[in-house]
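Comments concern the structure below.
The values are calculated or read from the model by the stated rules, or taken from the named source; none is laboratory data. This is a predicted model, so every value here is computed, not measured. No Cβ is skipped: glycine too gets one built from the backbone with ideal geometry, and neighbour counts run over all protein chains shown.
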Amino acid sequence: MTSAPLATRERDSRRAARIAEAASGGWKLVLFKIIALGIIDAIAVYAALVLFASGDVVVGTIVVLATILINVVYFRRGSLPAKYLIPGLIFLLVFQIFVVLYSGYVAFTNYGTGHNSTKEDAVEAILLQNQDRVPDSPSYPLTVVEGFAGELSFLVTTPDGEAMLGGAERPLEEVPDAEFDGGKAVAAPGYTSLDFQGLLARQGDITSLAVPLSDDPNDGTLRTQDGLTAFSYVSRYVYDDAAETMTDSQTGAVYSDRGTGAFVAEDGTELLPGWRINVGVDNFVRAFSDESIRGPFLGVTVWTFVFAFLSVATTFLLGLFLAIVFNDPRMKSKKYYRVIMILPYAFPGFLSALVWAGMLNQEFGFVNTVLLGGADVPWLTNEWLAKLSIIIVNLWLGFPYMFLVTTGALQSIPDELTEAAQMDGATPFQAFRMIKLPLLLVSVAPLLISSFAFNFNNFNLIYMLTGGGPRDVAAGINVGSTDILISMVYKVAFVGANRDYGLASAFSIIIFVLVATISVIAFRRTKTLEELN
Amino acid sequence: MADISITRDLAQSAPAGGDATRLLTTVDEGGAPHPKRPFKVWFRQTGWRHIIGLAMLVFAAFPLLYVLSASLNPGGTLVTANSLFSNVSLGSYVELFNRPQQPYAAWFLNTLVIGLVSAAGTVLLGALAAYAFSRMRFTGRRFGLITLLLVQMFPQLLAMVAIFLLMSAIDEIFPGFGLNSQIGLIMIYLGGALGVNTYLMYGFFNTVPASIDEAAKLDGAGHARIFFTIILRLVAPILAVVGLLSFLGTMSEFVIASVILVDPEKQTLAVGLYQFISQETSRNWSVFAAGAVLAAIIPVALFLALQRFIVGGLTAGSVK
């Protein structure tokens, strides 16, 4: 008997919810939804088309599936949480989760300078980069022409008097309806011929342009020095497609692919560029066993921990000391001190580091020339002084934060506790050490942990102040004695001529493991996870 | 959870007490009727505190005075910057905007635009997710919260190499969204939006009573209207905190910006000023100093004006 009205009521309430849902959004919301999804779908279709066209079937499929999922979620009634979570999740998945996994993949490759691309690209690049003019070859009268999009092409007249046209990636093709002037092709339909001014303006582009003579890269290319005549150039290397070897036509040396990502000769010399291959755990093995990398890497790891620990310890101690000093009701004009003292914290950190780098400059800096009366202290160029400088500058940057939070924590501890302790005969210091300090530590401990985590990756301070230097010359990688792990990754990957993405990613993965270990320990301690509901 | 409720208290009391030290001064007035103390007693009780205070003032303010003085010394190098305030003129500020190699105005504008757009996006994405976690019960909710908590332990810059390679790949398909693109950079920053802030917002959303939602629902409001017109207004303080922290953080972000933005015209202040100083270390010190002073004005002003919000937010979440 009672079940029928219950069911009706339930149905009614569901219907009411639906009506409310429909009434509340209004047409503006619906319109917004349609436009936003329309834009997303358009972008996705374009991306999928390009991806499928370039052969990236896996990524293309993922894009299509993700787009379908998004449309389903937003057009279907229900799955409310998903509607609210998807926008953030997409960015999180691509730019935070995926990139971590991708780092993991790159760490197992030899990706880097000289190993950027595929094997076909490497073959083409080697043939193109090592070209010499063919002795006694004919010269080709040349007109440099510009296509619709501004891309340059060579319009040449062959020794038989035919007009041919080609560009950087486009081998020469015959142009049947070219205009001739005195036996030289001077214009082609659809192209603008460059005059002398035009040649001057794009000199660099023109002299670096190499137009392939045919589809076979071994045939060589046409190049020009003056924009008026072109000569045929062939590579000193000959590529054998079947055997996958490069032969040096001058010395006869044979370079073959031995699975190292480059063509290697009998005597071990490599032809660069090479190409990208999977190298397994090579990068990790290098990091842990190559003497010239292991030493610096170990040093950097130790210094990272020391730096992060000292940063937290020094700033916390100074902050706590100041909080105690200024936490006295009898003292006047505290707020003026307070405003000035938090300025270093308000000033953007990267600028502070750059300014301090100027002040600590060995020859001209304020500290040496004025404060120390012309001393010659190598603040930033001596291994140990540089470390000291970093700690001092970080103290300057970080003490206001600790001052603010410890002041807050101190004020939240009731005075009665101290008073009671003193009644029981404790000295003020004892009362502080036994009562206040433990209470204070409980409330600031999470902040100390996050401060440690922050300083563990405090790239800006290190990189802007010392650049990680002074450089360790014995090391096999670009690393200095004040580098922390994250700045070492940056320098290995992006600074200097020799970029090694594979090794840098391997270092990143190692940092991930370190950070994960630290977080697990921190979470165990703070029991944050259990409070989640 | 405890620290998040502190934020809320701070945030709520902020409108009432604009000056950060209201609490301290009241205590001052209450406990300080000591009109005449002998010097010795005064010194032992509070005098020495002033001496420490003065020492700290010098330590804290000196580098800032130094850079201000250097910026007012046109044509100055590191050497001439050492005689403080010997020369006061705005010449360097003028020169700063007339250097074709270092387009300072563009850097400044880029920094503001990238910072504001990222901050707005971060707030929106974070609030949407926090609303879902706080108000809805669904499978995977607890797992999602734990994941977010873990994700925020790993700053994005750890994956900088992969981010760079990903953006190079995107550049081949979508020129204009990959390398050397500010839109691309903003998208990367938004990738970090959920990790850092959702948790902070989630705690604050939980303090808004669910009965408000229910009342609105009874009055016929749908979830979208409840979220955009009711909840978002009630949690405005935390939105301000997250937006501010995100803006200040983006302004100083160097690693990813330096990897992605190649053209000087497109760079941000952090990247541009760093390259400026590394290219001509001591020669144009006063121009750099002028650039630094201008770049610092907005963050310092924001920080001083909204100290309580920021410190509260920092206490509850990330650290500068």
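General observations
- Considering A:A346, A:A323, the condition of being touching a helix residue (DSSP H, G or I) at 6+ places or on another chain (Cβ under 6 Å), more than 30 Å from B:A289 (Cα to Cα) and not acidic (D, E) is satisfied by A:A323 alone.
- Conditions (1) of a type in the set (V, I, T); (2) surrounded by 16 or more Cβ atoms within 10 Å (Cβ to Cβ); (3) touching an Asp or Glu at 6+ places or on another chain (Cβ under 9 Å): number failed by A:T192: (2)
- Top-ranked residue in the stretch B:129-162 [being facing another protein chain (nearest Cβ under 8 Å) and of a type in the set (G, A, S); ranked as farthest from A:A107 (Cα to Cα)]: B:A132
- When A:V285 is tested against (1) surrounded by 15 or more Cβ atoms within 10 Å (Cβ to Cβ); (2) without any contact (Cβ under 8 Å) to a residue 24 or more places away in the chain, exactly one condition is not met: (1).
- Of all the numbered requirements in (1) surrounded by 12 or more Cβ atoms within 10 Å (Cβ to Cβ); (2) under 37 Å from the mean Cα position of the chain (by Cα); (3) on the phi > 0 side of the Ramachandran plot, A:G280 misses one, and that requirement is (1).
- Filter pass, B:F174 being among the hydrophobic types (A, V, I, L, M, F, W, C) and either more than 9 Å from chain A (Cβ to nearest Cβ) or over 29 Å from A:Y74 (Cα atoms) (or both): no
- Candidates A:D132, A:D160, filtered to the one that is under 30 Å from A:G496 (Cα atoms), exposed (fewer than 13 other Cβ atoms within 10 Å of the Cβ) and either more than 14 Å from every other protein chain (Cβ to nearest Cβ) or small (G, A, S) (or both): A:D132
- Whenever a residue of the stretch A:66-86 is within 16 Å of B:L125 (Cβ to Cβ), its partners that are of a type in the set (F, W, Y) and not in a helix (DSSP H, G or I), lying with C-beta atoms within less than 7 angstrom and at least six residues away or across chains, give the pairs A:P81/B:F138.
- The listed residues are B:A290, B:A270, B:A296, and the only one of them that is in a helix (DSSP H, G or I), at the interface with chain A (Cβ under 8 Å from one of its Cβ atoms), at pLDDT 90 or above and more than 19 Å from A:Y490 (Cα to Cα) turns out to be B:A296.
- Given (1) over 14 Å from B:A130 (Cα atoms); (2) part of a helix (DSSP H, G or I); (3) at the interface with chain A (Cβ under 9 Å from one of its Cβ atoms), index of the condition B:G220 fails: (2)
- Members of the stretch B:225-262 found to be surrounded by fewer than 19 Cβ atoms within 10 Å (Cβ to Cβ) and over 21 Å from B:M136 (Cβ atoms), listed by number: B:A236, B:A240, B:G249, B:V262
- Any pair with Cβ under 6 angstrom, 6 or more apart, that starts in the stretch A:362-390 at a residue that is assigned by TED's automatic domain parsing to the domain that holds A:S311 and under 28 Å from A:V306 (Cα atoms) and ends at one that is small (G, A, S) and part of a loop (DSSP other than H, G, I, E, B): A:N368/A:A375; A:E383/A:S481
- Of all the residues in the stretch A:366-393, those that are out of contact with any strand residue (DSSP E or B) (no Cβ under 9 Å at 6 or more places or on another chain), among the charged types (D, E, K, R) and part of a helix (DSSP H, G or I) number 1.
- Residue check, B:L190 within 7 Å of another protein chain (Cβ to nearest Cβ) and either under 27 Å from A:T517 (Cα atoms) or in contact (Cβ under 8 Å) with a residue 60 or more places away in the chain (or both): yes
- Condition met for B:G76 (in a loop (DSSP other than H, G, I, E, B) and within 14 Å of chain A (Cβ to nearest Cβ)): yes
- Restricting the search to strands (runs of 3 or more DSSP E) fully inside the stretch A:107-194 and requiring at least 1 residues that are polar (S, T, N, Q) and on the phi < 0 side of the Ramachandran plot gives A:131-133, A:139-146, A:152-157.
- For the stretch A:466-485, the count of residues that are hydroxyl-bearing (S, T, Y), assigned to a helix (DSSP H, G or I) and at pLDDT 90 or above is zero.
- Candidates A:A23, A:A53, A:A36 - the one that is modelled with pLDDT of 90 or more and over 20 Å from B:A132 (Cα atoms): A:A36
- Residues considered: B:I170, B:I212, B:I188. Of these, the only one that is closer than 25 Å to A:G104 by Cβ, surrounded by fewer than 20 Cβ atoms within 10 Å (Cβ to Cβ) and hydrophobic (A, V, I, L, M, F, W, C) is B:I170.
- Residues (charged (D, E, K, R) and not in a helix (DSSP H, G or I)) located in the stretch A:56-96: A:D56, A:R76, A:R77
- Some residue of the stretch A:249-271 being in contact with a helix residue (DSSP H, G or I) (Cβ under 7 Å, 6 or more places away or on another chain) and in a helix (DSSP H, G or I): no
- From the options A:L354, A:L320, residue that is more than 7 Å from chain B (Cβ to nearest Cβ), within 42 Å of the chain's Cα centre (by Cα) and not charged (D, E, K, R): A:L320
- Residue under evaluation A:M464, criteria (1) in contact (Cβ under 8 Å) with a residue 40 or more places away in the chain; (2) more than 9 Å from chain B (Cβ to nearest Cβ); (3) over 21 Å from A:G319 (Cβ atoms); (4) buried (at least 23 other Cβ atoms within 10 Å of the Cβ), criterion not met: (2)
- Condition met for B:G126 (at the interface with chain A (Cβ under 9 Å from one of its Cβ atoms), in a helix (DSSP H, G or I) and in contact (Cβ under 8 Å) with a residue 60 or more places away in the chain): yes
- Any hit, the stretch A:225-232, residues being among the hydroxyl-bearing types (S, T, Y) and part of a loop (DSSP other than H, G, I, E, B): no
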